[in-house]
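The values are calculated or read from the model by the stated rules, or taken from the named source; none is laboratory data. Given the structure is predicted, the values throughout are model-derived calculations rather than measurements. Here the Cβ positions follow ideal geometry from the backbone for every residue, glycine too, while neighbour counts run over all protein chains shown. Side chains are part of the model used for accessible areas, which takes the heavy atoms of the whole protein and leaves out ligands, DNA and RNA. Shrake-Rupley method; radii C 1.70, N 1.55, O 1.52, S 1.80 Å.
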Amino acid sequence: MTILKGSQLHKSYGSLHVLKGVDIDVQKGEVVAIVGKSGAGKSTLLHILGTLDTPDSGALTLCGQATHNLSAKAIARLRNEEIGFIFQFHHLLSEFTALENVCIPAYIQGVSRSIAEKKGKELLDYMSLTDRLDHKPGELSGGEQQRVAVARALMNDPQVVFADEPTGNLDTENSTEMHKLFLKLRDDFGQTFILVTHNTELAAMSDRTLRMQDGLFVE
């Protein structure tokens with residue numbers, strides 16, 4: 001089952017033509033790595049696929065919905081309900097605890113505090129962070145902060161998780177654990193992962209690797 005399909009995606013910033021007609025097709029439950037040199041267009045593509053940005057032309061279908069037909073409000077709802085994001089820098093809110101950070105997507109969706117916290121505790125337990133629920137980001141290690149960010153991305157049971165250099169800020173040991181975690185999440189919950197990475201080990205563990213060069217995929 002196709003969970004994401006992009007056709008002839010183009011994107012320019014001023015005179016810089018970043019994406020030059022990208023085609024991509026991702027099946028449900030796949031772990032796909034997008035690799036390539038800096039400036040190849042990887043992050044731009046990921047942001048468009050995740051509806052954080054819009055293409056200048058081309059079509060994107062995500063979770064059965066053609067995004068160009070959706071209003072800004074409908075896209076925001078799709079993003080909140082069906083998409084999770086993990087970034088190189090975790091973007092946790094420093095004034096909130098680990099549990100509160102994880103629950104934020106559920107609060108945005110209108111889920112009650114008790115239900116959100118129950119789910120948040122289950123996710124943090126899954127991430128082996130049971131004893132870190134009430135710790136703020138500044139009290140957590142880099143690896144722990146990134147696992148909190150992964151739990152937050154999973155809070156609303158998204159169909160697709162987008163990760164932009166998810167291990168770029170981690171040491172080798174934590175990077176390896178993060179790689180294994182993505183595969184375990186796919187196996188346990190059936191989520192689809194689309195990763196932009198410079199990490200060859202993470203790419204090698206994925207089901208499929210797509211290489212970008214000058215705004216297009218190359219063999």
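Annotations
- Our summary gives the chain a relative contact order of 32 percent, counting only alpha carbon pairs under 8 angstrom and 6 or more residues apart.
- Taking all Cα pairs closer than 8 Å and separated by 6 or more residues, the relative contact order of the stretch 130-219 comes to 26 percent.
- Entries of 119/180; 73/180; 28/136; 121/180; 37/136; 37/119 with Cα pairs more than 31 Å apart: 73/180; 28/136; 37/136; 37/119
- Summing Cβ point charges (Lys, Arg +1; Asp, Glu -1) relative to the Cα centre of the chain gives a dipole of roughly 540 debye.
- Charge sum, other residues only, whose C-beta stays under 10 Å from residue 84's C-beta, Lys/Arg counted +1 and Asp/Glu -1: 0
- Percentage relative contact order, the stretch 11-67, counting C-alpha pairs under 8 Å, at least six apart: 28 percent
- Cut-off 10 Å between beta-carbons: net charge of the residues surrounding residue 128, Lys and Arg +1, Asp and Glu -1: -2
- Lysines whose Cα lies under 19 Å from that of residue 42, excluding same-chain neighbours fewer than 8 positions away: 5, 11, 20
- Sum of -39500 (n - 2.57) over DSSP H runs of 4+, divided by residues of the chain (222 nm, nearest 500): -11500 deg cm²/dmol
- Beta bridges from DSSP with both residues in the chain: antiparallel share about 50 percent, rounded to the nearest 5.
- Just the protein heavy atoms count here, and of the accessible area of the stretch 175-219 at 1.4 Å, carbon and sulfur take up 49 percent.
- Overall, the accessible surface of the stretch 14-99 at a probe of 1.4 angstrom is composed of carbon and sulfur to the extent of 54 percent.
- Protein heavy-atom accessible surface, 1.4 Å probe, per residue over the chain: 48 Å².
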